[in-house]
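Here's a structure for you.
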Amino acid sequence: MRNTEQIWRLVDDKAPEFEALSDRVFDTPEIAYDEFKSAAEHRAELERQGFRITENLAGIPTAVMGEAGDGGPVIAILGEYDALPGLSQEAGEAEHKPLPGDGMGHACGHNLLGAGALLAATAVKDWLAANGVQGRVRYYGCPAEEGGAAKTFMVRAGLFEDVDIAITWHPMHFPGVNDAKSLANSRMDFSFTGRASHAAAAPHLGRSALDAVELMNVGVNYMREHMPSDARIHYAILDAGGVAPNVVQAKATVRYLVRARDLAEMDMLLERVKKIAEGAALMTETRVEMRTVSAVSNLMPNSPLEQAMYDQFQRLGPPEWDGADRAFAEKIRATLSEQDIAAPYRRIGLKVRKDEPLPEQVAPLHYQGEPMMGSTDVGDVSWVVPLVQADGATMAIGTQHHSWQLTAQGKSPLAKKGMVHTAKVMAATAVDALTDASLVARAKAELAERTRDQPYVCPMPPEVQPPVHKPR
């Protein structure tokens, strides 16, 4: 308990600095692999706090790592700072007010995620120094979680090979331990090439690449009836071949995102999608080229670490909200539907409360609710290092991720309280691992058992490299 109370104080001591960091990143939203200003802010903060810095991780200019301490176990704390396109919003406003400009916004709370993770790592660094304990803490600043799979590239590059445990978090509705359920996914572009011709005078001489895309989409839509119910397939037409209807389109590209509960199932579905693409090319006498854009693994649970983190949540309790926090949360909830508000309760198996704008309890461990799964490149880290992820309460209950309402709360006092609260839990969990060798041993043993029959194979083909570029 003494260690817990000390690490909480160390988080509180540095909290204002990292709340300011979160705000600075919020004010300069940048999408995947373009997070040059955000990464620079994190690098500058690492330098101010006295970390040893490594840049250009896995050849990615916006990935950065800071390390402190010596010897002992290595604890990794992972942060993110990428934003989303089309979701800008004036902070603190409970009505839709997009900002002028390029339209990017932190609609998944990654400004908070990165700052909170770095706050936790800094507190652990200070705890190691204050107590003379052998051990190292690393902060990994990870770009491009939103569809860019940067952590998959980082795992492939061996950047976690000497890490003993990893800790991360994500902004959510209820504080608690994430249930470690996510979908493996792969994004692949299918580019069809046909033959242009005059659509009226010589249509028989043309071979339509757009027809091939449409036939592929029809085929995949029929396939949906014959795949697992928790799998997902989405597509977007990237290039329809032009805007002239009197020309038979000689080129067209569609991007597919295939998700499944694990890598083996995802690979099986992806092979079926590829066959449908080949069939579409055969029917239209076109050619198809297939290119993997990104891929991530499903999350791997770790019971020892989850129990250790849950114990810290129980000691700390939920965040302490005030009247202003609740009032702003109620304004946000007034813009939401009843289904929106019910969804977070269903996810963790609790009865819906309409009088609870902000959480008043910690979510149960291993909750038995309705799974609402997306995908994350954190999954790849969890296959090679024992990993635990916290859910941090940073939004009005019912706020949907990737919405203007979440962006609106990104600089609010309630969001920052949730960030600091989660930083305390992560830092205290790290201290548990630094002071209890058996916790690390049990976490490693469970990961070894889970991966014994299905060892990790990186889902990213070796020829696919991070799509990095120079700053704009």
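Could you check how many percent of all C-alpha pairs in the range 107-247 are farther apart than 19 Å?
Of the Cα pairs, 72 percent sit more than 19 Å apart.
Separate question: Please report Rg over Rh for the range 228-283, where both radii come from the alpha carbon positions and Rh follows the Kirkwood definition. Don't jump to the answer; show the numbers that get you there.
Values: Rg = 14.4 Å, Rh = 13.1 Å.
That ratio equals 1.10.
Here's something else I'd like to know. Which entries of 125/416; 14/331; 151/351; 97/411 have Cα-Cα distances beyond 25 Å here?
14/331; 151/351
Next question. Going by the alpha-carbon gyration tensor, a ≥ b ≥ c the square roots of its eigenvalues, is the range 79-133 rounded (a/c under 1.5) or, if a/c is not under 1.5, prolate (a/b greater than b/c) versus oblate?
Verdict is prolate for the range 79-133.
If the cut-off is 25 Å between C-alpha atoms, which lysines fall inside it for residue 275, apart from same-chain ones fewer than 8 positions away?
Straight-distance partners of residue 275: 251.
Let me check against my output: what whole-number percent is the relative contact order of the chain, with C-alpha pairs under 8 Å and at least 6 apart?
24 percent
What are the GluC sites (Glu not before Pro) within the range 399-472 that DSSP puts in a loop, where the Cβ has at most 11 other Cβ atoms within 10 Å?
463
Separation between the residue 275 and residue 96 pseudo-spin-labels, each 7 Å from Cα along Cα→Cβ, expressed in nm?
Label-label distance for residue 275 and residue 96, simple model: 4.2 nm.
From Cα pairs below 8 angstrom and at least 6 apart in sequence, can you work out the relative contact order of the range 287-391, rounded to a whole percent?
Numbers: 81 pairs, mean separation 51.4, N = 105.
Relative contact order comes out at 49 percent.
Rounded, prolate or oblate for the range 1-69? Axes are the square roots of the Cα gyration tensor eigenvalues, ordered a ≥ b ≥ c, and the cut-off for rounded is a/c under 1.5.
Verdict is oblate for the range 1-69.
How do the peptides 137-145, 231-239 rank, highest first, by the average count of neighbouring beta carbon atoms within 10 Å per residue?
137-145, 231-239
Further question on the same structure: Which of rounded, prolate, oblate describes the range 311-378, given a ≥ b ≥ c as roots of the alpha-carbon gyration tensor eigenvalues and a/c under 1.5 marking rounded, otherwise prolate only if a/b is larger than b/c?
Because a/c hits 1.5 or more and a/b fails to exceed b/c, the range 311-378 counts as oblate.
What does the highest-first list of 129-135, 169-175, 391-397 look like by mean Cβ count within 10 Å?
391-397, 169-175, 129-135
Another one. Computed on alpha carbon atoms, what radius of gyration and Dmax characterise the range 407-472, expressed in Å?
For the range 407-472, the Cα-based Rg and Dmax read 19.5, 48 Å.
OK, next. Could you work out the Kirkwood radius for the range 337-472, taking every pair of different alpha carbons, averaging 1/r and inverting it, reported in Å?
Answer for the range 337-472: a Kirkwood hydrodynamic radius of 18.4 Å.
Grab the alpha carbons of the range 208-366, take their convex hull, and tell me the volume per residue in Å³.
In the range 208-366, the Cα convex hull volume per residue is 188 Å³.
Further question on the same structure: May I ask you to list the aspartates and glutamates whose Cα is less than 12 Å away from that of residue 274, ignoring any residue fewer than eight positions away on the same chain?
189, 289
Still on this model: Explain nothing, just compute: Karplus ³J(HN,Hα) = 6.51 cos²θ - 1.76 cosθ + 1.60, θ = phi - 60°, for every residue of the range 429-446 in order, whole Hz, x for Gly and Pro.
Values per residue, Gly and Pro as x: 5, 4, 5, 4, 5, 6, 10, 10, 4, 5, 5, 5, 4, 5, 5, 5, 5, 5 Hz.
Under a point-charge model restricted to the Cβ atoms of Lys and Arg (+1) and Asp and Glu (-1), what is the dipole moment magnitude of the chain relative to its Cα centre, in debye to the nearest 20?
Roughly 640 debye, rounded to the nearest 20.
Between beta-carbons, use under 12 Å as the cut-off and find the net charge around residue 162, counting Lys and Arg +1, Asp and Glu -1.
Summing Lys and Arg as +1 and Asp and Glu as -1 gives -1.
Can you give the % of DSSP beta bridges in the chain that are antiparallel, to the nearest 5? Let's see the in-between values first.
Values: 42 of 59 bridges.
Given both bridge residues lie in the chain, the antiparallel proportion sits at roughly 70 percent.
Right, another one. Could you tell me how many cubic angstrom of Cα convex hull volume the range 278-410 has per residue? Working shown, then result.
On the way: hull volume 24.0 nm³, N = 133.
Convex hull of Cα atoms, per residue: 181 Å³.
Which one of 4, 38, 25 has its Cα pushed farthest toward the positive end of the charge dipole of the range 1-43, where Lys and Arg give +1 and Asp and Glu give -1 at the Cβ?
Toward the positive end, the furthest listed residue is 4.
What are the radius of gyration and Dmax of the chain, computed over its Cα atoms and given in Å?
Both quantities, over Cα of the chain: 23.4, 84 Å.
Any read-out appearing in this document is the output of simple, stated calculations on the displayed coordinates, not a laboratory observation. Because the structure is a prediction, the values reported are computed rather than measured. Here the Cβ is made from the backbone with ideal geometry for all residues, glycine too, and neighbour counts use every protein chain on show.
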